[in-house]
Amino acid sequence: MRATITFGFLMIIFGTSWADSTYYNITCKTLGVDIKTFKQNVICPANCVRRFNRVFGTNHYTGYSEVCAAAVHDGRITNAGGKVTVYTRVGQHRFKGSIRHGVHSVRDDHYYWVFFQFQEVSACKLLDMQESAKVYTVDCPKHCTDKVMIFGSGIYHTRSGICNAALFDGVIKKGRGGRVTVYKVRNVNINKWDERWKTQNGVNSFRRDFTEHGFLFNG
């Protein structure tokens with residue numbers, strides 16, 4: 001299930017499934033940081049384009065950009081509003097400014113932990129830290145590479161790639177993919193071996209000597 005909580009103009013969206021096809025209403029002032037899930041289908045109202053919008057970036061937008069104005073800028077919808085899918089990402093700097101479809105976006109060279117885009121993102125790239133729900137599901141593709149690192153064994157660090165962790169854990173098989181259920185855990189020691197890394201099921205997992213938040217696949 002999902003829940004939405006509205007405080008004035010701010011709607012915070014809590015997601016629990018990468019595969020959810022439901023669309024949720026947001027406002028013109030909803031920012032990227034208000035979306036607390038990897039992938040969110042939203043409905044933008046009409047007339048979100050103003051003389052001065054909070055939009056920073058081109059193709060990729062900072063988390064402090066207005067989602068609906070950015071969607072118009074990206075050409076996904078018009079100022080009449082409509083449905084759009086938002087994909088949140090982790091960590092990027094240098095957001096290019098431009099004028100598109102009547103929306104002026106501003107350049108921003110700062111680093112942001114959260115940014116978003118409208119072009120589809122493979123589930124292979126998803127990190128646990130992007131999702132706020134305590135339990136959620138992800139549909140992992142058939143072929144994920146080791147480019148997205150993982151840390152831990154059994155319990156994985158929150159900065160780990162979910163699908164690669166599922167492969168390492170044996171929850172899914174390489175070349176087959178599948179849906180996995182992820183359970184968040186708090187303040188656990190994810191280091192369980194002495195070596196710097198370990199290979200299992202064709203995936204490398206690295207040691208990380210911190211007691212932090214993490215996740216596992218058996219709740």
Exercise. Which members of the stretch 28-63 meet the condition of being buried (at least 17 other Cβ atoms within 10 Å of the Cβ), more than 17 Å from residue 100 (Cα to Cα) and β-branched (Val, Ile, Thr)?
Worked result: 30, 33, 35, 37, 42
Exercise. When both residues are 6+ apart or on different chains and their Cβ atoms are under 8 Å apart, which pairs have a first residue that lies in the stretch 40-61 and is assigned by TED's automatic domain parsing to the domain that holds residue 101 and hydroxyl-bearing (Ser, Thr, Tyr), and a second that is part of a loop (DSSP other than H, G, I, E, B) and surrounded by fewer than 21 Cβ atoms within 10 Å (Cβ to Cβ)?
Worked result: 58/96; 58/97
For this session: Please indicate, with yes or no, whether at least one residue in the stretch 68-76 is modelled with pLDDT under 95 and closer than 20 Å to residue 25 by Cβ.
Result: no
Problem set entry | Hits in the stretch 92-110 (condition: over 19 Å from residue 28 (Cβ atoms) and touching a Phe, Trp or Tyr at 6+ places or on another chain (Cβ under 6 Å)) | 92, 93, 95, 108
Exercise. Before we move on, is residue 175 in a loop (DSSP other than H, G, I, E, B) and more than 16 Å from the chain's Cα centre (by Cα)?
Worked result: yes
Exercise. Among the residues of the stretch 130-165 satisfying the criterion of being within 17 Å of the chain's Cα centre (by Cα) and of a type in the set (Gly, Ala, Ser), which is surrounded by the fewest Cβ atoms within 10 Å (Cβ to Cβ)?
Worked result: 132
For this session: Would you check if there is a residue in the stretch 89-112 being farther than 27 Å from residue 196 by Cβ, out of contact with any helix residue (DSSP H, G or I) (no Cβ under 6 Å at 6 or more places or on another chain), touching a residue at least 60 places away in the same chain (Cβ under 8 Å) and surrounded by 15 or more Cβ atoms within 10 Å (Cβ to Cβ)?
Result: no
Problem set entry | Selected residue [farther than 23 Å from residue 37 by Cβ, assigned by TED's automatic domain parsing to the domain that holds residue 58 and hydrophobic (A, V, I, L, M, F, W, C)] from 77, 99 | 99
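The values are calculated or read from the model by the stated rules, or taken from the named source; none is laboratory data. In this text, all values refer to a predicted model and were calculated from it rather than measured experimentally. Backbone-built Cβ (ideal geometry, glycine too); neighbour counts: all protein chains shown.
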